[in-house]
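Worksheet: the structure to be examined is printed underneath.
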Amino acid sequence: MISTLLSQHPHGPDGDPTPRLAYGADYNPEQWPREVWQDDIRLMQEAGVNIVSVGIFSWARIQPAEDEWDFAWLDDVMDLLHAGGIGVDLATATASPPPWLTTAHPEILPVTASGETVWPGARQHWRPTSPVFRAHALRLVRKMAERYAHHPALVAWHVSNELGCHNVYDFSDDAARAFRDWLRVRYSTLDGLNHAWGTAFWSQRYSDWEQILPPRLAASHPNPTQQLDFKRFSSDALKEYLRAERDVLREITPDVPVTTNFMVMGGTKGMNYADWADEIDFVSNDHYVVPDPQDRDELSFSANLVSGISGGRPWFLMEHSTSAVNWQPVNVAKRPGELARDSLLHVAHGADAVCFFQWRQSAAGAEKYHSAMVPHAGSDSDVFRAVTGLGRTLRELAPVAGSTREPARVGIVFDWESWWASEQDSHPTSLLDYRREALDWYSALLALGVRADVVTPRADLDTYQVLIAPVLHVVPAALAKQLTRYTENGGHLVTTYFSGVVDENDHVWLGGYPGALRELLGIRVEEFGPLLDGDTADVRLGDGVPDGAAGRVTSGTLWTDRISVDDPEVEVLARYLTGPFADRPAVTRRTLGRGSATYVSTRLGPDGLSGLLPALLAHAEVGSELPDGARGKVELAVRRDAAGRYLFLVNRTDEPVPVAGLTGEPLTGGAEEDGTLVLSPRGVAVLRQPAT
Ligand code: GLA
Ligand code: GLA
């Protein structure tokens, strides 16, 4: 879809029918005088740019007053881009409502949990559920679609921008009304709602739907199921808004694909993208690196998860940065090689488009210190040279366009429901970090050179020999059955602390933890033993792990469990040496026929997990596809199509790394020394192998 966006569009931006990777940026020409636009097109051509996103924040410019429209400048921009052979991913321009609208209709402004109005002055100051906002926004969408339906530069529609980035949680009266409607659909009756929310507790029983509110600022812990439902509702409200814009676009331009940019990255939690993906024609994502010891792993993890959300099909990297951003406490510049490596890591995980925020670095406004393809210094700069170099590399990689991901043998399950529910308040610990636990497993696998897919529970989980489901907290009965069948059929399930504990209503499964998974795991936990920040519980690997690993001691943090084992099919793979449950099991494995179910009761972190994982992987007969010397230093990702397999080899280190024994036709990167492929520091090589 994306590889052919540019080539198969009826008019084609440049008439060339060959599939290719898309390359470009958000382009905000309204920030610049017209004479700069010509220069922009020339530099875009020099850099190899073939697509830009236009109009994202242009509402006030396009519609200066309620009944006044100014499209002349945008017509000009579209024409110039088309003449330059550059396609347009055209925004619906609804992301930031103009001052005339918020002045006339302050009732579209979001309200916080404590009742404060979120005033205009930045962007995205609109309520997802406001009928007034929706009417004005959809009027603009219709105008845009009618105006540009047949413009030859138009290749895709870009709905709004990062829906929910700043406005996912709105506690206004509009939200209250929409929340009640959503709850009526979910529960049908008040009795159903009262049961699900456990309103027998603290005298919360509702006798009329009108009594129900969003979880606004309360005297103590708000009802947990109300909170969880409000998270579900808030994600759904934005999804519903996305559908409303999309439906207008599809009505007027049924042949133009529609997307919206997701934010699968650290720190973004409110939107259940696994559940949004079906609403659009192709998945797009924005990603920014936040400095952290695991930041490169996090980039790979996010790109991998986007691929999972996209069902393994190619997706569109709508935004990332050429260098520093402006919104972190300290905004570090990328080092030489990082711009290309970060981009190509997304391509490795299925991106068929590499785009940046933004084309030309702003001279004014809140993002003037955010890097861009053309920095303040101009085109005579290392950033622009790196941008141009990446354009060349992406042309070399044109053959991978359209290829899908080759499934790995290990899957990591990432579940928004468990993420939301496990991190709510009034829990055994407030230190639990769902995404970090999943990332730790991913980091450990990277360190061992073992490829893994990050997938949502909607994926075909049976394809994986090993399925790691960290903190799978919410387990409805049907999911417990599915996982049991998975292990009975020979799959190897691995799960962790605080898994299986509650059902979809956030009610605890009784009789001992891990509740819904207790039988499958063959263990019983009578009590949790969370650890204070800084405290550790030492864990000793024992029987059932390969020779060499037995006896190894590692430290658990965050959590321990008081585990009893009464099933003879359960082996204890590790025991606590210290901590509240010293001498008791820390890691257990139950064998079921050819399959197994493993439980890890503490947080081992990337290092501890890379000590434990070889035992779990060996049991499932899964190993590394990388040669010895490259394991841990190189990340391998594989895409494939009818023409072949594409091996992406990404150097995770700052040193050259030889990769012996992997052969194929080099598409880009790497150098050959004595018959061995050598990756440059932070370098990426792509090899094509014949299809098997
Ligand atoms: C987001 C937004 C962009 C810009 C960048 C800055 O991705 O969509 O408009 O604000 O962040 O990093
Ligand atoms: C107080 C309250 C109880 C209960 C406990 C929990 O004592 O009176 O209702 O909330 O705290 O610690």
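A few points about this structure:
- For region 642-657, filtering for residues that are surrounded by fewer than 17 Cβ atoms within 10 Å (Cβ to Cβ) and farther than 24 Å from LEU299 by Cβ leaves 2.
- The sole residue among LEU558, LEU517 that is surrounded by 15 or more Cβ atoms within 10 Å (Cβ to Cβ), closer than 18 Å to ASP607 by Cα and modelled with pLDDT of 95 or more is LEU558.
- Selected residue (only one of GLN294, GLN328 is without any contact (Cβ under 8 Å) to a residue 40 or more places away in the chain and within 14 Å of GLY266 (Cβ to Cβ)): GLN328
- Taking the criterion of being open to solvent by 20 Å² or more (accessible area, probe 1.4 Å) and either within 16 Å of ligand 1 (Cβ to nearest atom) or hydroxyl-bearing (Ser, Thr, Tyr) (or both), the residues of region 283-315 that qualify are VAL289, VAL290, PRO291, ASP295, GLU298.
- Unmet criterion (only one of (1) more than 19 Å from GLU423 (Cβ to Cβ); (2) open to solvent by 70 Å² or more (accessible area, probe 1.4 Å)) for ALA586: (2)
- Boolean, THR225 is in contact with a strand residue (DSSP E or B) (Cβ under 7 Å, 6 or more places away or on another chain) and open to solvent by less than 10 Å² (accessible area, probe 1.4 Å): no
- For SER188: the one exception among (1) open to solvent by 50 Å² or more (accessible area, probe 1.4 Å); (2) in contact (Cβ under 8 Å) with a residue 60 or more places away in the chain; (3) on the phi > 0 side of the Ramachandran plot: (2)
- Of all residues in region 593-609 being open to solvent by 20 Å² or more (accessible area, probe 1.4 Å) and not small (Gly, Ala, Ser), the one that is farthest from the chain's Cα centre (by Cα): ARG594
- Residue within region 180-192 that is of a type in the set (Val, Ile, Thr), part of a loop (DSSP other than H, G, I, E, B) and within 16 Å of ligand 1 (Cβ to nearest atom) present: no
- Residue, farthest from ligand 1 (Cβ to nearest atom), within region 332-351, restricted to residues that are among the small types (Gly, Ala, Ser) and within 17 Å of ALA22 (Cβ to Cβ): ALA348
- Subset of region 408-432 (residues that are touching a strand residue (DSSP E or B) at 6+ places or on another chain (Cβ under 7 Å) and open to solvent by 40 Å² or more (accessible area, probe 1.4 Å)): ARG409, GLU417, PRO428
- Test for VAL36: is it surrounded by fewer than 16 Cβ atoms within 10 Å (Cβ to Cβ), modelled with pLDDT of 95 or more and among the β-branched types (Val, Ile, Thr): yes
- Cβ pairs under 6 Å, 6+ apart, first in region 131-155 and more than 22 Å from GLU240 (Cα to Cα), second of a type in the set (Ser, Thr, Tyr) and surrounded by 17 or more Cβ atoms within 10 Å (Cβ to Cβ): ALA149/THR253; LEU154/TYR148
- When ARG335, ARG250 are checked against the criterion of being in contact with a Lys or Arg (Cβ under 8 Å, 6 or more places away or on another chain) and either more than 27 Å from ARG645 (Cβ to Cβ) or surrounded by 18 or more Cβ atoms within 10 Å (Cβ to Cβ) (or both), ARG335 stands alone in meeting it.
- Members of region 323-357 found to be in contact with a Phe, Trp or Tyr (Cβ under 6 Å, 6 or more places away or on another chain) and under 24 Å from GLU367 (Cα atoms), listed by number: VAL325, ASN326, ALA353, VAL354
- Any hit, region 564-572, residues being farther than 19 Å from GLY500 by Cα, out of contact with any helix residue (DSSP H, G or I) (no Cβ under 8 Å at 6 or more places or on another chain) and buried (at least 19 other Cβ atoms within 10 Å of the Cβ): yes
- Selection status of ARG589, among the basic types (Lys, Arg) and closer than 30 Å to VAL678 by Cα: no
- Pick from region 371-407, criterion free of Cβ contacts under 8 Å to residues at least 60 places away in the same chain and part of a loop (DSSP other than H, G, I, E, B), ranking: surrounded by the most Cβ atoms within 10 Å (Cβ to Cβ): SER371
- Considering only residues in region 526-553 that are surrounded by 23 or more Cβ atoms within 10 Å (Cβ to Cβ) and among the β-branched types (Val, Ile, Thr), the one that is farthest from VAL570 (Cα to Cα) turns out to be VAL539.
- Residues considered: GLU30, GLU66. Of these, the only one that is in contact (Cβ under 8 Å) with a residue 12 or more places away in the chain, away from ligand 1 (no atom under 16 Å from the Cβ) and among the acidic types (Asp, Glu) is GLU66.
- Scanning region 667-692 for residues that are in a strand (DSSP E or B), among the charged types (D, E, K, R) and surrounded by 13 or more Cβ atoms within 10 Å (Cβ to Cβ) yields one hit, ARG688.
- Residue, surrounded by the fewest Cβ atoms within 10 Å (Cβ to Cβ), within region 321-331, restricted to residues that are among the aliphatic types (A, V, I, L, M) and within 14 Å of ligand 1 (Cβ to nearest atom): ALA324
- Considering residues of region 127-173 that are aliphatic (A, V, I, L, M) and part of a helix (DSSP H, G or I) only, the residue most open to solvent (accessible area, probe 1.4 Å): ALA135
- Note on region 96-121: residues that are open to solvent by 70 Å² or more (accessible area, probe 1.4 Å) and assigned to a helix (DSSP H, G or I) total 3.
- Residue in region 606-619 that is free of Cβ contacts under 8 Å to residues at least 40 places away in the same chain and either among the polar types (S, T, N, Q) or not in a strand (DSSP E or B) (or both) present: no
- Restricting region 433-458 to residues that are more than 21 Å from GLY623 (Cβ to Cβ) and in contact with a strand residue (DSSP E or B) (Cβ under 7 Å, 6 or more places away or on another chain), the residue that is most open to solvent (accessible area, probe 1.4 Å) is PRO457.
- So PHE356, is it under 22 Å from ALA277 (Cβ atoms), touching a residue at least 60 places away in the same chain (Cβ under 8 Å) and within 16 Å of ligand 1 (Cβ to nearest atom): no
- In region 259-282, the residues that are assigned to a helix (DSSP H, G or I), within 16 Å of VAL455 (Cβ to Cβ) and away from ligand 1 (no atom under 16 Å from the Cβ): ALA274, ASP275, ALA277, ASP278
- Restricting the search to strands (runs of 3 or more DSSP E) fully inside region 501-576 and requiring at least 2 residues that are on the phi < 0 side of the Ramachandran plot and acidic (Asp, Glu) gives 523-528.
The values are calculated or read from the model by the stated rules, or taken from the named source; none is laboratory data. Nothing here was measured: the structure is a model prediction, and the numbers come from that model. Positions of Cβ are backbone-derived with ideal geometry, glycine not excepted, and every protein chain shown enters the neighbour counts. Protein only, heavy atoms only, side chains kept; ligands, DNA and RNA dropped before computing areas. Shrake-Rupley method; radii C 1.70, N 1.55, O 1.52, S 1.80 Å.
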